[in-house]
Amino acid sequence: METNRIFNLLKPVQPPPTFWDKTYDWILGKARIVILVTELLIVFAFVAKVIVDTQARAKDEQITSLKNELGFYSAQREPLFRDVQKRDSAYQRLWTNGTSYTEVLNEIYSYVQNPGVQLTVNAEKNRVSILGYDDLSSVQSLETQLKASPTFTSVFVDTLSLEQKEILQSTGQYVLVATLSEYKREPLK
Amino acid sequence: MPQRYRNPNKRLNELLSTAQNKSYFVGAVTVVFIVVMSIVGIIPAYSSFTFQNEENTKRDQLIAKLTTKLTTSQALSKQYDSKQDLVAYFKITFPDLPNQQSIITLLDDITQTNNSHLQKITFNKNPAPVFVQQNYEEQIKSQQVNITADGSQSSLLSIVRDIENSRRTLNIISLSIDRKSQDALDQGAGLYGDYTLNAQMEYYFYTKPLIGE
């Protein structure tokens, strides 16, 4: 008995896609991309995390190493620097608070006309006293010059004593007192 | 149990039998996938990544500070080592102890250099009132020294100048320069000069703080 075999060699004809068929195809295509992007995001986030973790570990090691190195300086060297710094600061303060009379004395002696007579110069803080024995014109000249000098803020004759025979000679003992405008040292350079 | 739950495969096939349902299903699965992945993967990883990144920025700032400090310490250390002579000299000029012998030597040198004669030198361990008034820090200590020197007027003025310029700081508290009386000079008091300098000075030292202070 023969059987007829039927072969359909025609290309199957699909019904035209409906709206939902097209929507389905579109969603399927997009969904793949979205899932792929999501997976890529996850991979990126984890890779980034691994990178920052590795960096963090490296930085922690660097911090530890720096701290160890600084520990040496803090313990061994810094006390030396600080000692020198403190000492230096203290030294500068002491220096600046120190007195300076050289210029004042030089100036006073430059005004003294007759160095051969009795003369005592005392200096303490901002006060200078000159005790001398000289003729009155020299004393007056000394007083005038001291008053004219910017080194002194006030100058006055504290004592002037003349004995009888000294009156005739216009000679006597005097004490001139002057206040210094500045008697501290110049700061160190 | 209702019939529709008994055979999930059949139910699923029914659900996915139309393109509309398949669209809903794929859309829903995609959304669920994104939500789940966001919750369990992306958001924790991203927040952890950003947190670590912020921490790394802080670490970078710390490293920068430590590096600057280390560079400064190294530079200071190098400078300190290269200026050992200067440091040693500074410690001589501002010593840890009163070192009265160095004061004697210094004043003797100054008077000799200026062709004068150091007649007397007296030490007083107590600080001068003017020093106490200054309220210096505790480590700074002071003692007093008085000198009497004979010489010419110019040489005594030079002594005062040298004392004031001495790096081993000597602070003149008070001074007097007297011209000797003619009677005294006639009796030979002017051997070293016509003038006498009396100076009251203070000198300083810096005591090291106690360990642990």
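Please go through the range B:21-52 and give me each residue that is among the aliphatic types (A, V, I, L, M) and either farther than 30 Å from A:Tyr24 by Cα or touching a residue at least 24 places away in the same chain (Cβ under 8 Å) (or both), ordered by number.
Answer for the range B:21-52, where residues must be among the aliphatic types (A, V, I, L, M) and either farther than 30 Å from A:Tyr24 by Cα or touching a residue at least 24 places away in the same chain (Cβ under 8 Å) (or both): just B:Ala45.
Can you find, within the range A:119-154, the residue that is nearest to B:Asp194 (Cα to Cα) among those that are without any contact (Cβ under 8 Å) to a residue 24 or more places away in the chain and not in a strand (DSSP E or B)?
Per the criteria, the residue is A:Gln140.
Can you list the helices (runs of 4 or more DSSP H) found entirely within the range A:17-111 that contain at least 3 residues being within 34 Å of the chain's Cα centre (by Cα) and within 7 Å of chain B (Cβ to nearest Cβ)?
Fully inside the range A:17-111 and qualifying: A:19-72, A:78-97.
Spot the failing condition for B:Ala75; the list is (1) facing another protein chain (nearest Cβ under 9 Å); (2) modelled with pLDDT of 90 or more, and only one is missed.
Among (1) facing another protein chain (nearest Cβ under 9 Å); (2) modelled with pLDDT of 90 or more, B:Ala75 violates only (1).
Among the residues of the range B:154-213, write down those that are under 40 Å from the mean Cα position of the chain (by Cα) and of a type in the set (Lys, Arg).
Result: B:Arg161, B:Arg167, B:Arg168, B:Lys208.
With (1) over 30 Å from B:Ile39 (Cα atoms); (2) small (Gly, Ala, Ser); (3) surrounded by fewer than 13 Cβ atoms within 10 Å (Cβ to Cβ) as the list, and A:Ala58 as the residue in question, which single condition is left unmet?
(1)
State which residue is farthest from the other protein chains (Cβ to nearest Cβ) when the search covers only the range B:138-161 and only residues that are touching a residue at least 60 places away in the same chain (Cβ under 8 Å) and buried (at least 19 other Cβ atoms within 10 Å of the Cβ).
My answer is B:Gln143.
Restricting the range A:144-189 to residues that are over 49 Å from the mean Cα position of the chain (by Cα), small (Gly, Ala, Ser) and surrounded by 12 or more Cβ atoms within 10 Å (Cβ to Cβ), which is modelled with the highest pLDDT?
Of everything passing the filter in the range A:144-189, A:Gly172 is modelled with the highest pLDDT.
Those residues that are within 15 Å of A:Gly172 (Cα to Cα) and at the interface with another protein chain (Cβ under 7 Å from one of its Cβ atoms), I need them from the range A:116-145; list them, please.
Listed by number, the residues that qualify are A:Gln118, A:Leu119, A:Thr120.
With the checklist (1) among the polar types (S, T, N, Q); (2) more than 8 Å from chain A (Cβ to nearest Cβ); (3) buried (at least 18 other Cβ atoms within 10 Å of the Cβ) in hand, flag the one item B:Gln187 doesn't pass.
Of (1) among the polar types (S, T, N, Q); (2) more than 8 Å from chain A (Cβ to nearest Cβ); (3) buried (at least 18 other Cβ atoms within 10 Å of the Cβ), only one is false for B:Gln187: (3).
For the range B:25-34, indicate whether the set of residues that are of a type outside the set (Phe, Trp, Tyr), surrounded by 14 or more Cβ atoms within 10 Å (Cβ to Cβ), part of a helix (DSSP H, G or I) and more than 7 Å from chain A (Cβ to nearest Cβ) is non-empty.
no
Name every residue in the range B:96-137 that is within 14 Å of chain A (Cβ to nearest Cβ), more than 30 Å from B:Ser152 (Cβ to Cβ) and either surrounded by 16 or more Cβ atoms within 10 Å (Cβ to Cβ) or free of Cβ contacts under 8 Å to residues at least 60 places away in the same chain (or both), in order of residue number.
The answer is B:Pro127, B:Pro129, B:Phe131, B:Val132, B:Gln133, B:Gln134, B:Asn135, B:Tyr136, B:Glu137.
Could you tell me whether A:Thr18 is surrounded by 14 or more Cβ atoms within 10 Å (Cβ to Cβ) and among the β-branched types (Val, Ile, Thr)?
no
In this structure, is A:Thr96 polar (S, T, N, Q) and buried (at least 16 other Cβ atoms within 10 Å of the Cβ)?
No.
The values are calculated or read from the model by the stated rules, or taken from the named source; none is laboratory data. No experiment lies behind these values; they were computed from the predicted model shown. When we count neighbours, we look across all protein chains shown, and the Cβ atoms used for this are built from the backbone with ideal geometry, even at glycine.
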